[in-house]
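The next block holds one structure in the form of structure tokens; read it before the comments.
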Amino acid sequence: MIRTENLTKVYNGKAAVDGLDLEVGEGEIFGFLGPNGAGKSTTILMLTGMIEPTGGRCFVDGIEVAKAPLKVKEIIGYLPEDVGFYGNMTGEQNLDYFARFYGMDAGERKKRIAELLELVHLDGVAQKAGEYSRGMKQRLGLAQALINDPKVLFFDEPTANLDPEGVREYRELVTHLAGEGKTVFVSSHILSEVREVCRTVGLLAKGKLVAQGTLEEVARALASPDGDAVRIVVETREHLPPIEDPAIISVEGNGNRAVVRAKADIRDRLAATLFEQGLHVREMRVEEPEIEDVFMAAYRR
Amino acid sequence: MALDRLLNVARKEFSDHITSRRFIIILGLLLVISTISIYEGIEQYNDSLEAYTEQLQHVQEFEDPYSSWMPSKPSIMYVFMSMMSYMTMLGGILAIAIGFDLVSKEKETRSLKTLLSHPLYRDEIINGKALGGIGALGFAMVLALALAIAMLLVFSVVPTLDEFAAILIFGAVSLGFLLAYFAVALTMSTISKESGNALIYTLVIFFTVSSLLPMFGMMAADAFAGDPPEPPEVSMPQGVVRTVSSSGGFYTSSVSQSVAYDGTQDPEWTAYEEEMKTYIEKRRFISDVSNLLSPQMNYYTVAIAVTNPQIMAMMDAPYGTAQEETPGLAGALGRVWMNIAALIVFPSVFFAATYVKFMRMDIR
């Protein structure tokens, strides 16, 4: 549904997005992760047809965005970071103004706007948008992104201004939208937010895609800077003797507990050796790195 | 560019303008001042009309077969001359007030990014904004003219068809003047990141082209035309010096004509007059070229041609043979075609600059 080919955007001689190749399937909830300034928002602006790429191409539903930006805009919804509205108009008037660009007639607009305002709990709010709190603006932003019942949704830091209840409702909404077959592209620098709703993720750093896949796949790809080393935690009832195996890289021991770094998962061999020595194994497991630690390390690289 | 999308933006902008507090306050002030000055203008017109009737009766009572002099009937267009001065000040402020934050405010509130995510092109946004602003200024102008015509009718002054055409042209010229400053404000709003800066830049341009530029024009004329020719030492021949002056706002002009009646003009004085004529024309040319960059000066020149073609004709021949007959409106407008063109070119240049800047604007 979303595809980029060597997508590049250069500002003042510096690449904000550098040769990005990305693919997001239909109905996926894709998390676009990366630290601030990684190029996430610039990528979204190119995908939504709001800026033209310096190089490469991007497609949404098979339409090349730079060649037919209006066609793309008709099938997408976009919630920008720090979404803004016309402060002299109510939420309903703002939505009505945007809805007119989709050729909807008055009756259709009225019905759709009422549905959306109810969905984001802003129905019956008579205040002007200029008097809205940031959370209310964010909710109105969600409504405006859905005004045209889009096939693809782009959310840029969607939970930045929401309270915990708003975040919970947003997560439910995203899951519900994906259930309807919509593709959701969520850009965020908050891993915990992305892992809650996204099935697949891509990690962007300094304008380049570092990894893409499920969260576990990406974490694994990023986990070890020294190849495919596996960390095995071993604990016995007795004091641990020196452990020897051709696959072992290093052992960090402390009494009856040790962390073995090996070239492969050698738990079976290790268990047999310990059993032969008459030791009672209390625990033996492969230690997975914390995803947060892996991403933080990748952010810092 | 699709018309429906363009009109959607324009309609919203127009509605925003005419319901905004600042527009209503300035327009209200403009209409109040307009009412007062038109009332005074009508009083003066009635006085002039009374004097004209008396002169006409006088001429009929003393039928002088050797005199072909007839008093000229006052025109109701004199009423509109008073509108010129406050139009340049309050009208200019109104135009700046609706234009200075049209784009910068959208950048500040981030609504531009939201708008651009919907299916419309950038040129539709900027053209729609310009159209909405022009509509609002047109609305203000129509209100001011409608009020003026209504007052004329209330005081039983009915314009002729020619006068009605002149009123419409005066309205169009005034709108052209307002558009000049609206275009400047819109450009500054597109260039600046903040509305406050946009307002300051616009006011700097406003005062530069309205006050500083005419002053520079005069200084340049003094510098380039040199010293005026010295009069001959022989005594001045008998003649008549007629002076006509016209004023409005910052602008005052006076022209003089020296006509020798006794037929025995001194050749030295004739040569002096020729030199003086060349000198004045040179000065005037330099000053006029500089003034072409000032919407105020162009507006005054064209508006005077519409409201008082006779003064325009005399200003046009400051040291030559003046036309004794009152020139028509078409003739008067023909004389000021460069000013009319300048009134069109000035906002066009700024609108073009706005367009280019907006199309290339970084919306991150």
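Structure summary
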quantity: Residue ID - most open to solvent (accessible area, probe 1.4 Å), chosen from residues in region B:108-137 that are at the interface with chain A (Cβ under 9 Å from one of its Cβ atoms) and basic (Lys, Arg); calculated: B:Arg110
quantity: Test: residue in region A:108-130 that is under 24 Å from A:Gly181 (Cα atoms), open to solvent by less than 60 Å² (accessible area, probe 1.4 Å) and touching a residue at least 60 places away in the same chain (Cβ under 8 Å); calculated: no
quantity: Selection within region A:15-38 - within 13 Å of chain B (Cβ to nearest Cβ) and open to solvent by less than 10 Å² (accessible area, probe 1.4 Å); calculated: A:Val17
quantity: Residue match in region A:133-143 (condition: part of a loop (DSSP other than H, G, I, E, B), buried (at least 21 other Cβ atoms within 10 Å of the Cβ) and away from chain B (no Cβ under 11 Å)); calculated: no
quantity: Output for region A:71-101, where each listed residue is within 7 Å of chain B (Cβ to nearest Cβ), more than 23 Å from the chain's Cα centre (by Cα) and open to solvent by 20 Å² or more (accessible area, probe 1.4 Å); calculated: A:Glu74, A:Gly87, A:Asn88, A:Arg100
quantity: Check on A:Asn161, in contact with a strand residue (DSSP E or B) (Cβ under 9 Å, 6 or more places away or on another chain) and either surrounded by fewer than 18 Cβ atoms within 10 Å (Cβ to Cβ) or touching a residue at least 12 places away in the same chain (Cβ under 8 Å) (or both); calculated: no
quantity: Checklist (1) crowded, with 18+ Cβ neighbours inside 10 Å; (2) free of Cβ contacts under 8 Å to residues at least 60 places away in the same chain; (3) in contact with a helix residue (DSSP H, G or I) (Cβ under 9 Å, 6 or more places away or on another chain) applied to A:Leu222, failing item; calculated: (2)
quantity: Residues of region A:27-70 satisfying the condition of being within 26 Å of A:Leu222 (Cα to Cα) and acidic (Asp, Glu); calculated: A:Glu28
quantity: Odd one out for B:Met1, checked against (1) under 23 Å from B:Glu106 (Cα atoms); (2) modelled with pLDDT of 85 or more; calculated: (2)
quantity: Given (1) in a loop (DSSP other than H, G, I, E, B); (2) more than 8 Å from every other protein chain (Cβ to nearest Cβ); (3) of a type in the set (A, V, I, L, M), number of the condition A:Ile51 does not satisfy; calculated: (2)
quantity: Residue within region B:194-204 that is of a type in the set (Val, Ile, Thr), in contact with a Leu (Cβ under 8 Å, 6 or more places away or on another chain) and either open to solvent by 10 Å² or more (accessible area, probe 1.4 Å) or within 18 Å of B:Ala353 (Cα to Cα) (or both) present; calculated: no
quantity: Out of A:Leu215, A:Leu274, sole residue that is over 32 Å from the mean Cα position of the chain (by Cα) and open to solvent by less than 30 Å² (accessible area, probe 1.4 Å); calculated: A:Leu274
quantity: Among the candidates B:Met141, B:Met151, residue that is assigned to a helix (DSSP H, G or I) and touching a Gly at 6+ places or on another chain (Cβ under 7 Å); calculated: B:Met141
quantity: Counted residues, region B:2-37 - those being within 11 Å of another protein chain (Cβ to nearest Cβ) and open to solvent by 60 Å² or more (accessible area, probe 1.4 Å); calculated: 5
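The values are calculated or read from the model by the stated rules, or taken from the named source; none is laboratory data. These numbers come from a predicted model, not from an experiment. Neighbour counts are summed over all protein chains in view; Cβ atoms, including those assigned to glycine, are modelled from backbone coordinates with ideal geometry. Surface areas here come from the heavy atoms of the whole protein model, side chains and all, with no ligands, DNA or RNA. Shrake-Rupley method; radii C 1.70, N 1.55, O 1.52, S 1.80 Å.
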